[in-house]
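This report concerns only the one structure given below.
The values are calculated or read from the model by the stated rules, or taken from the named source; none is laboratory data. The shown structure was predicted, so the numbers you read here are calculated from the model rather than taken from an experiment. Here Cβ is always computed from backbone atoms with ideal geometry, including for glycine, and neighbour counts include all displayed protein chains.
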Amino acid sequence: MKQLAFAWVFLSVATCSLPVWSAVNFPLGTYVYAGSAMNYKHELLSSSDGVTIQAVATNGIVLASCVVRDADASGVNFRLEVPLATVACDKAAAIGDAPACMVVTAMGSTNAATAFLPPIVAANAVTNCNIVWSNAKDYAYGEGRTVPVPDDYIDGIGYLMRQSGHSQYDAAADWDGDGADNYSEYVAGTNPFDASDYLKISSFTSSGDQRVLTFEYVGGHLYTLKSAERLSSPGWMDTKFRTSPAAAEQTAATFEEPDDDVGVATLYVTPAADAASMFYKLEVK
């Protein structure tokens, strides 16, 4: 660890018999981040993975670095000792700072799932934290879960990702701002870069005692319809529907199109006679 440079300024005051010392900046010790570094499957990394964890200041200066080792009995496999000073500088952080977390491999630096380490609260203290390294092409980490996304899907939208400045797939993000996160769009077969393309009920009309819903589907997906009498504490329930006025009722349907093309599906629903109102939503697998 490099020694932190500091300076003292001596002031001599004629009216006072005692000298006054003023510190420009001085060291406060260290702040330690220790815990478990894991891969996208939440499996502990080991020394054989060749991974280094870094604490990085907002100006890009690396404040601390450690190689991930084999985990001890409690699962701890990294320990970052960040130097502290009264004022943040190129070689030290200050109390209240939250350094960025970087994972470094033989392929270079990548962001960890935890973008920033917890704020520094005191000198010579230890904070336990876990780091999930999600730079894996076939999985995406979002909203506290690990979700599978196949290689061919990432390859298929790779060009659009690069054009939009995204180098890593993020399941929890909403790249096109349409209200559906990227993973939901993957499941639904919609385009995560097209704000007009997301799973939605396109039209809703009445025909006698039936309610008629239409939506754009993707071939090969399984759709279900949910209903609730109110939107506050709704308690969404599976709802039976028909795919034509005379068809048998069912609770799920798959609509086939060649090569997973899209089409327009129509659902016919007969609500309970005593239902004052009814709300509907689509779900897809």
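Just a few scattered comments:
- Candidates in the range 147-175 are the residues that are out of contact with any Phe, Trp or Tyr (no Cβ under 8 Å at 6 or more places or on another chain) and part of a loop (DSSP other than H, G, I, E, B); of these, the one that is modelled with the highest pLDDT is 174.
- Test: residue 144 is exposed (fewer than 14 other Cβ atoms within 10 Å of the Cβ), modelled with pLDDT of 85 or more and not assigned by TED's automatic domain parsing to the domain that holds residue 274: no
- Enumeration of residues in the range 108-141 that are among the β-branched types (Val, Ile, Thr) and at pLDDT 80 or above: 120, 121, 126, 127, 131
- The range 208-233, subset basic (Lys, Arg) and assigned to a strand (DSSP E or B), residue nearest to residue 244 (Cα to Cα): 211
- Considering the range 236-283, and only residues there that are among the hydrophobic types (A, V, I, L, M, F, W, C) and touching a Pro at 6+ places or on another chain (Cβ under 8 Å), the residue that is nearest to residue 221 (Cα to Cα) turns out to be 279.
- Residue 278 meets all of the listed conditions (1) over 32 Å from the mean Cα position of the chain (by Cα); (2) surrounded by 14 or more Cβ atoms within 10 Å (Cβ to Cβ); (3) at pLDDT 90 or above but one, namely (3).
- Condition broken by residue 39, with the remaining ones in (1) more than 21 Å from residue 122 (Cα to Cα); (2) modelled with pLDDT of 75 or more satisfied: (2)
- Candidates 266, 270, 254, filtered to the one that is more than 20 Å from residue 205 (Cα to Cα) and of a type outside the set (Lys, Arg): 254
- Single residue of the range 219-251 satisfying the filter (in contact with an Asp or Glu (Cβ under 8 Å, 6 or more places away or on another chain) and either modelled with pLDDT under 90 or not assigned by TED's automatic domain parsing to the domain that holds residue 276 (or both)) that is surrounded by the fewest Cβ atoms within 10 Å (Cβ to Cβ): 220
- Against the conditions (1) touching a Leu at 6+ places or on another chain (Cβ under 6 Å); (2) surrounded by 15 or more Cβ atoms within 10 Å (Cβ to Cβ), residue 210 satisfies every one except (1).
- Scanning the range 234-278 for residues being of a type outside the set (S, T, N, Q), assigned to a strand (DSSP E or B) and in contact (Cβ under 8 Å) with a residue 24 or more places away in the chain gives a total of 11.
- Residue 206 closer than 19 Å to residue 271 by Cα and not assigned by TED's automatic domain parsing to the domain that holds residue 160: yes
- Complete set of residues in the range 83-110 that are closer than 20 Å to residue 45 by Cβ and in contact with a strand residue (DSSP E or B) (Cβ under 8 Å, 6 or more places away or on another chain): 99, 100, 101, 102, 103, 104, 105, 109, 110
- Checking each residue in the range 86-101 for being surrounded by 20 or more Cβ atoms within 10 Å (Cβ to Cβ) and aliphatic (A, V, I, L, M) picks out 88, 92, 93.
- Residue check for residue 199: in a loop (DSSP other than H, G, I, E, B), surrounded by 11 or more Cβ atoms within 10 Å (Cβ to Cβ) and touching a strand residue (DSSP E or B) at 6+ places or on another chain (Cβ under 8 Å): yes
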